[in-house]
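Step one of this worksheet: look at the structure below.
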């Protein structure tokens, strides 16, 4: 997460349509500078190769980054059948080639096998840390890297269209931690061939979708003519599916100090055992958890 000693205290969400060839950290640094913001950070890293939804939190919204990062993701991706690269995408060098192109019927037959919990071995060229160092840095230095297996969940996987020259476009809805490059490679192997990604685009991250996103080139022009509060989405938009309870100023002040408040004054009987957003006026006071005896703060927000 990036911080500036100087800068403005800005709170809210920027949903960026990240272009290809810049990394997530670079996008965070650019937007922080353009907004002259004190603090911001992103949810769910996108490689320079990938495009699409990159939620960037400013100010107090950074406290909700884990909730967004843990949400489901939706990607569209294009697989090149018949050739594998050492990075799993088109930026790497071809390391295996057999030329076999699966048929539409073959692809549709194997897709159900990848629905549910599956085991993945993340790509060597990834940001996972191995003994304190990024895996991609070790790989580029010529070191052998042994990647640990992980269990991820695929909620939906569909073939959208076959394309010329041995390409296919697919869409996947998946859990946090899923590597779509690995999914493309594993699909190819199951189909008796090899493959790599030619395109990767994230359409959804948590509650944020591509329809919410602003292109980087448009944003640069907007920040010179619009106030930040007209561009950024409110803090609470990252939790669209959560209940909201309006609390008094006195209770909001208690929550802000990390203190619990009594649920007796609020109609929360149906929310026992759940989380909710406590708001005071037009501002979020705290993310809270409700039980029969108290409303306890989980995350507090200080503007």
- Message: Report for the chain the percent antiparallel among DSSP-assigned beta bridges with both residues inside it, nearest 5.
- Response: 85 percent
- Task: At 0.36 nm per residue, minus the direct Cα-Cα distance, what do residue 162 and residue 114 gain on full extension? Give it in nm, one decimal, please.
- Result: 15.4 nm
- Which angle from 0 to 90°, rounded to the nearest 10, does the C-alpha axis of helix 180-190 make with the longest principal axis of the chain? 40 degrees
- Per-residue Cβ contact counts at 10 Å, fewest first, order 6, 63 as 6, 63
- Please compute the Cα-Cα pair-distance distribution of the range 203-281 with 10 Å bins starting at 0, giving whole percents from short to long. 14, 34, 25, 20, 6, 0
- Task: Express the C-alpha Rg of the range 68-117 as a ratio against the empirical globular expectation 2.2 N^0.38 Å, rounded to two decimals.
- Result: 1.46
- Query: Between the helical axis of 24-35 and the dominant principal axis of the chain, each derived from Cα atoms, what acute angle in degrees is found, rounded to the nearest 10?
  - Reply: 40 degrees
- Item | Spatial separation of Cα centroids for the range 1-65 and the range 234-250, in angstrom | 22 Å
- Multiply the residue separation of residue 283 and residue 22 by 0.36 nm, subtract the distance between their alpha-carbon atoms, and state the gained length in nm to one decimal. 90.6 nm
- Gaussian network model of the chain, springs between alpha carbon atoms under 10 Å - residue of 23, 12, 52 with greatest fluctuation: 23
- Query: Measuring from label point to label point, each 7 Å out along Cα→Cβ, what is the residue 155 to residue 6 span in nm?
  - Reply: 4.4 nm
- Assertion target for 56, 118, ordered by fewest C-beta neighbours within 10 angstrom first, is 118, 56
- Along the three principal axes, how long is the chain when you take its alpha carbons, biggest first, rounded to the nearest angstrom? 69, 44, 39
- Return the tail of the calculated pair distribution for the range 242-300, meaning the percent of Cα-Cα pairs more than 19 Å apart. 12 percent
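Every number in this text was worked out from the coordinates using simple rules, so none of it is lab data. Predicted model only: the values in this text are computed from it and were never measured. Positions of Cβ are backbone-derived with ideal geometry, glycine not excepted, and every protein chain shown enters the neighbour counts.
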